[in-house]
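In what follows, a structure is listed as structure tokens, so that the remarks can point back to it.
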Amino acid sequence: MGTARGFGVDIGGSGIKGCPVDVEGGVLAEERLRISTPQPSTPDAVADTVAEIVAKFGWEGPVGITLPCVIKNGTALTAANVDEDWIDTDAQELFAKRLGRVREEIVMVNDADAAGLAEMRFGAGAERQGLVVVLTFGTGIGSSTFLNGQLVPNTEFGHIEVDGRDAEEEAAASVKDNLELTYEEWAPRVSRYVRTLERFLWPDLIIAGGGVSKKAHKWLPLLQTRTPIVPAKLKNDAGIVGAASAAAQHA
Ligand code: BGC
């Protein structure tokens, strides 16, 4: 386990979680702090919460921050499961100002890309070559895509069309919860989703992440897909770890 530290914040529709991270070992360095996402989850309100979390740990260095949005050059271009005011917000600038940092000390990453970076570096994807897709099953479905370990940022495979509907409306973990589906009832939806994805993309490996991956043994064996699927290793901490290591690398 290493000693170099970074700081990651994972912004989701229901909670904002942050913590110092051991960026050599890929583990949280302290107990993480979670604060409910302010409603409405406007950029200013969320920035206040992020500042509160960073201040609680007395952290002074660079900060990696995730959003459930497509992010280019620090600007959010979409907003799924967060307030629409995020669209076209220069999030990197917003957080730099609110946290009293220079722009370069803030690294913005899509939430699924952050989780994928952590899995590829420290988890189920370590040393894996070829085309690897990490899917996070939560409120929505996030995706991150790696070719020979290199991230192709901002893939949005949660929004491919499956039987005429947005995939995440059919197969996200939140659908399982909202419709009170058993794993046996939910798994065919996930299979259908992955098989549709496989018509366009031929991954060598899929890593299944998100909170529901904690119970992977209950549903991964039920899936019928062409691509081998393995559970994520970092579970709920992947976003924080990925964001922190992205920021530590840029600093
Ligand atoms: C968003 C993605 C995000 C995923 C998981 C999707 O609805 O479009 O950007 O990664 O949800 O939060």
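The values are calculated or read from the model by the stated rules, or taken from the named source; none is laboratory data. Model, not experiment: these values are computed from the prediction. With ideal geometry, Cβ positions are generated from the backbone for all residues, glycine too; neighbour counts draw on all protein chains shown. Calculation scope for accessible area: heavy atoms of the full protein, side chains included, ligands and nucleic acids excluded. Shrake-Rupley method; radii C 1.70, N 1.55, O 1.52, S 1.80 Å.
For this structure, a couple of remarks:
- Just one of (1) modelled with pLDDT under 95; (2) within 19 Å of GLY18 (Cα to Cα); (3) acidic (Asp, Glu) fails for GLU127. It is (2).
- Qualifying residue in segment 80-99 (condition: out of contact with any Ser or Thr (no Cβ under 8 Å at 6 or more places or on another chain) and assigned to a strand (DSSP E or B)): no
- Segment 144-174, subset more than 22 Å from ASP10 (Cα to Cα) and touching a His at 6+ places or on another chain (Cβ under 8 Å), residue surrounded by the fewest Cβ atoms within 10 Å (Cβ to Cβ): ASP166
- Segment 121-153 - residue that is among the polar types (S, T, N, Q) and touching a Ser or Thr at 6+ places or on another chain (Cβ under 9 Å) and, of those, farthest from the ligand (Cβ to nearest atom): THR145
- Test result for LYS214, closer than 27 Å to LEU33 by Cα and more than 16 Å from the ligand (Cβ to nearest atom): yes
- Just so you know, in segment 235-251 the residues that are in contact with an Asp or Glu (Cβ under 7 Å, 6 or more places away or on another chain) and at pLDDT 95 or above include one that is nearest to GLY123 (Cα to Cα), and it is ALA238.
- Close contacts from segment 36-48, counting a first residue that is touching a residue at least 40 places away in the same chain (Cβ under 8 Å) and a second that is open to solvent by 20 Å² or more (accessible area, probe 1.4 Å) and in a helix (DSSP H, G or I), with Cβ to Cβ under 6 Å and a gap of 6+ residues or different chains, come to THR42/ASP85; PRO43/ASP85; PRO43/LEU94; ALA47/LEU94; ALA47/ARG98.
- The residue pairs whose first member lies in segment 158-172 and is more than 10 Å from the ligand (Cβ to nearest atom), whose second member is open to solvent by 50 Å² or more (accessible area, probe 1.4 Å), and whose beta carbons are closer than 7 Å, counting only pairs six or more residues apart or on different chains, are VAL162/ARG192; GLU170/ARG189; ALA171/ARG189.
- Criterion applied to ARG226, ARG192 was being charged (D, E, K, R), part of a loop (DSSP other than H, G, I, E, B) and in contact (Cβ under 8 Å) with a residue 24 or more places away in the chain, and the one residue passing it is ARG226.
- Any hit, segment 14-33, residues being closer than 25 Å to ALA173 by Cα and free of Cβ contacts under 8 Å to residues at least 24 places away in the same chain: yes
- Put simply, of ALA91, ALA79, ALA96, ALA115 the only residue that is open to solvent by less than 50 Å² (accessible area, probe 1.4 Å), away from the ligand (no atom under 14 Å from the Cβ) and modelled with pLDDT of 95 or more is ALA96.
- Index of the failed condition, ARG101 passing every other in (1) crowded, with 16+ Cβ neighbours inside 10 Å; (2) under 29 Å from ARG226 (Cα atoms); (3) away from the ligand (no atom under 15 Å from the Cβ): (2)
- Total residues in segment 131-143, condition open to solvent by less than 20 Å² (accessible area, probe 1.4 Å) and farther than 15 Å from LYS235 by Cα: 3
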